[in-house]
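In what follows, a single structure is set out as structure tokens and then discussed.
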């Protein structure tokens, strides 16, 4: 009898020990299980220059967070796939991230074209979705868990053109006519729509209004046709290769305009700044951060000091003034919301982001109901005094003068464009 | 838009310069596809490889990109010979060239592109040359040297290749293998060796075309895909295997694109250009100067 009781007790004790050990192991495992943040990113294709730069910024954030113990005591892990700058890959990528990889949080890829296709999938899963530089992505969806890092403001369509026109109309004599030209693609179409609305509002006569296929090789015919129309202002919305092609053509043809510029993507990158050099002088383009005294936000210098060496090694944008600080800030916001709500509940995270003003490396950010910034901060910058092709001159104050908005302005517009030395 | 004579002349001239560039980009496909029936869909990737070769020599040693391309001609020739040898042994000899050979070249296209991404990254690359940025002005006509120099060398390349095909033994053998491989074999010439030489020449031309491309516009590894449709369209429009036809087609396409772009808007340019192609093929299925 004693042996039977002893045996039962031994079995019970053994079972208890196994149960305790298993639960301890489970606790340890879940504590170590990373918080997965998933996204697609342009690592190849036309937008890969910025995509790679954004990824470096996000990896810097992840490393910093993990060095401090992670989020909610768990390490963060970035799970990402190359969307090849091809919108058709995006639905599949986000389906895999959410249904197969079971990521806890998502971010967007770079660019309007690569964010919009992800929206139906993230909406179906109820995910909070922070967009990395898209124009009017949420204008049709009105998704209450979407947030946009590009500081477009509530009226994204107008914000890309507003600053150009407001700055340009300060030129003397007051401009009367405008030419509007852009690539046949999502971002330029939205930007030129905004330009058209503003031109009508300001009473400017639109004397040229055309688009071109993105694979256009020679832009001289386009520029000559614009020249023939004789506009005072030329608003261009373009991607990097066409930005370079148009600028070269403008200089070769000798465009006579009071102000030339607009939504030229590419002029924010080190490679184009370096290559085009003095051809950039006089162009009024949009940017989001330049080394001007009015834009010295806390943390930005330290971030750029970490980013720039990594970017050079990776063959990404060497300066990192455009997307990288905002990609990093987007992660700051997502991580901050997770920590503040102490959860991965998407509804709580989205509500927190809506109600909070975040202090980031690109300054204070507050989002409106549709996820756009309450206050737009699209800067319009004029290149001045660029000589040669040295990249260092772009790190200094003076070559990129902020002419709009008034809050960050560091100089007045110089015009006419045709008389500025290129 | 009002058609002014000055604008028309400028548009035509711009189109001619553009056409010269198109001819250089297409000549390799004209040899491989037009003469050898090898659907080398990877040719634009080799052009991008040529661009990066010119970029490396220009950035590292300050060499003019076109001079750099001439120095790389033997390397690209050897590469083309090696690729043909693999293609012949694995596909052509077994009669698998139709579909599997095409898949081979598709694979080569993506491998080349990804290799370039891994080595060079994805940023746009440019070259510096003394003539980039200089424009010659003759009345209403502007001739940017960035377009004029590639045009001039492209035309010289076409003339040189045509003379080679017409006047040299190997050149006539290449024409013969495209017409009747068996007959060439009966003439105691090795068709495989001739085809290898021809394919190697087609890839060698990619070195020059790549240098022209990176002079004209910034280059990143995936940009070659934009040219796949164009090069085959020009090759077919000119007539398979005809160099004079190729030049005529390239110039015509360039002018049509440029004039349409100037007077009716750049969006219409590809539609009109390819519409012109379809019309020509409807009236003359062999192409402008095809046999």
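Taking helices (runs of 4 or more DSSP H) as the structural unit, those lying wholly within region A:292-410 and holding at least 3 residues that are closer than 16 Å to residue A:129 by Cα correspond to A:323-341, A:346-355.
On the stretch given as region B:29-64, residues that are touching a helix residue (DSSP H, G or I) at 6+ places or on another chain (Cβ under 9 Å) and part of a helix (DSSP H, G or I) total 24.
Considering only residues in region B:87-99 that are surrounded by 14 or more Cβ atoms within 10 Å (Cβ to Cβ) and part of a helix (DSSP H, G or I), the one that is farthest from the chain's Cα centre (by Cα) turns out to be B:90.
Considering the conditions (1) surrounded by 24 or more Cβ atoms within 10 Å (Cβ to Cβ); (2) touching a helix residue (DSSP H, G or I) at 6+ places or on another chain (Cβ under 8 Å); (3) assigned to a loop (DSSP other than H, G, I, E, B), residue A:231 is excluded by exactly one of them, (2). If you scan region B:260-291, which residues turn out to be away from every other protein chain (no Cβ under 14 Å) and assigned to a loop (DSSP other than H, G, I, E, B)? If the condition is that a residue be away from every other protein chain (no Cβ under 14 Å) and assigned to a loop (DSSP other than H, G, I, E, B), then B:284, B:285, B:286, B:287, B:288, B:289, B:290, B:291 are the ones that fit. Checked against the criterion of being in contact with a strand residue (DSSP E or B) (Cβ under 6 Å, 6 or more places away or on another chain), within 30 Å of residue B:222 (Cα to Cα), assigned to a helix (DSSP H, G or I) and in contact (Cβ under 8 Å) with a residue 40 or more places away in the chain, the candidates A:38, A:51 yield just one match: A:51.
The selection criterion, being outside the structural domain of residue A:190 (by TED's automatic domain parsing), at pLDDT 95 or above and either under 29 Å from residue B:116 (Cβ atoms) or surrounded by fewer than 22 Cβ atoms within 10 Å (Cβ to Cβ) (or both), does not hold for residue A:47. Away from chain A (no Cβ under 13 Å), surrounded by fewer than 20 Cβ atoms within 10 Å (Cβ to Cβ) and either at pLDDT below 95 or under 16 Å from the mean Cα position of the chain (by Cα) (or both), is that true of residue B:37? For residue B:37, the condition - away from chain A (no Cβ under 13 Å), surrounded by fewer than 20 Cβ atoms within 10 Å (Cβ to Cβ) and either at pLDDT below 95 or under 16 Å from the mean Cα position of the chain (by Cα) (or both) - is met.
Checking the conditions here, which among A:279, A:272 is modelled with pLDDT under 90, facing chain B (nearest Cβ under 9 Å) and over 16 Å from the mean Cα position of the chain (by Cα)? The match here is A:272. Of the candidates B:241, B:229, the single residue that is assigned to a helix (DSSP H, G or I) and under 17 Å from the mean Cα position of the chain (by Cα) is B:229.
Against the conditions (1) free of Cβ contacts under 8 Å to residues at least 12 places away in the same chain; (2) within 14 Å of another protein chain (Cβ to nearest Cβ), residue A:305 satisfies every one except (2). Residues that are within 14 Å of chain A (Cβ to nearest Cβ) and over 30 Å from residue B:91 (Cβ atoms) are absent from region B:204-211. Scan A:286, A:239 and give me the residue that is within 24 Å of residue A:54 (Cβ to Cβ), within 13 Å of chain B (Cβ to nearest Cβ) and in contact with a strand residue (DSSP E or B) (Cβ under 7 Å, 6 or more places away or on another chain). Checking each option against the conditions leaves just A:239.
For region B:125-136, enumerate the residues that are touching a strand residue (DSSP E or B) at 6+ places or on another chain (Cβ under 7 Å) and surrounded by 17 or more Cβ atoms within 10 Å (Cβ to Cβ).
If the condition is that a residue be touching a strand residue (DSSP E or B) at 6+ places or on another chain (Cβ under 7 Å) and surrounded by 17 or more Cβ atoms within 10 Å (Cβ to Cβ), then B:125, B:135 are the ones that fit.
Only one of the numbered conditions (1) more than 18 Å from residue A:261 (Cα to Cα); (2) touching a residue at least 60 places away in the same chain (Cβ under 8 Å); (3) touching a helix residue (DSSP H, G or I) at 6+ places or on another chain (Cβ under 8 Å); (4) surrounded by fewer than 24 Cβ atoms within 10 Å (Cβ to Cβ) is violated by residue A:146, and that is (4). When every residue of region B:178-194 is checked against the conditions, at least one turns out to be in contact with a helix residue (DSSP H, G or I) (Cβ under 6 Å, 6 or more places away or on another chain), surrounded by fewer than 20 Cβ atoms within 10 Å (Cβ to Cβ) and under 30 Å from residue B:283 (Cα atoms). Considering the conditions (1) surrounded by fewer than 14 Cβ atoms within 10 Å (Cβ to Cβ); (2) more than 24 Å from residue A:158 (Cα to Cα), residue A:359 is excluded by exactly one of them, (1). Based on what the data block shows, is residue B:144 buried (at least 23 other Cβ atoms within 10 Å of the Cβ) and under 22 Å from residue B:76 (Cα atoms)? Against the criterion (buried (at least 23 other Cβ atoms within 10 Å of the Cβ) and under 22 Å from residue B:76 (Cα atoms)), residue B:144 does not qualify. Of all residues in region A:191-211, those satisfying the criterion of being part of a helix (DSSP H, G or I), in contact with a helix residue (DSSP H, G or I) (Cβ under 8 Å, 6 or more places away or on another chain) and more than 10 Å from residue A:235 (Cβ to Cβ) are A:193, A:197. Could you tell me which of the residues A:153, A:109, A:131, A:40 is surrounded by 16 or more Cβ atoms within 10 Å (Cβ to Cβ), closer than 23 Å to residue A:272 by Cβ and under 16 Å from the mean Cα position of the chain (by Cα)? From the options A:153, A:109, A:131, A:40, the qualifying one is A:109. Within region A:366-402, the set of residues being more than 17 Å from residue A:267 (Cβ to Cβ), in contact with a strand residue (DSSP E or B) (Cβ under 9 Å, 6 or more places away or on another chain) and free of Cβ contacts under 8 Å to residues at least 60 places away in the same chain comprises A:366 only.
With respect to residue B:171, determine if the residue is in contact with a helix residue (DSSP H, G or I) (Cβ under 6 Å, 6 or more places away or on another chain) and within 30 Å of residue A:223 (Cβ to Cβ). Criteria not met by residue B:171. Within region B:270-291, the residues that satisfy the criterion of being closer than 24 Å to residue A:209 by Cα and more than 20 Å from the chain's Cα centre (by Cα) are B:271, B:272, B:275.
The values are calculated or read from the model by the stated rules, or taken from the named source; none is laboratory data. Please read all numbers here as calculations on a predicted model, not as lab measurements. Every residue, glycine as well, gets a Cβ built from its backbone with ideal geometry; the counts of neighbours run over all protein chains shown.
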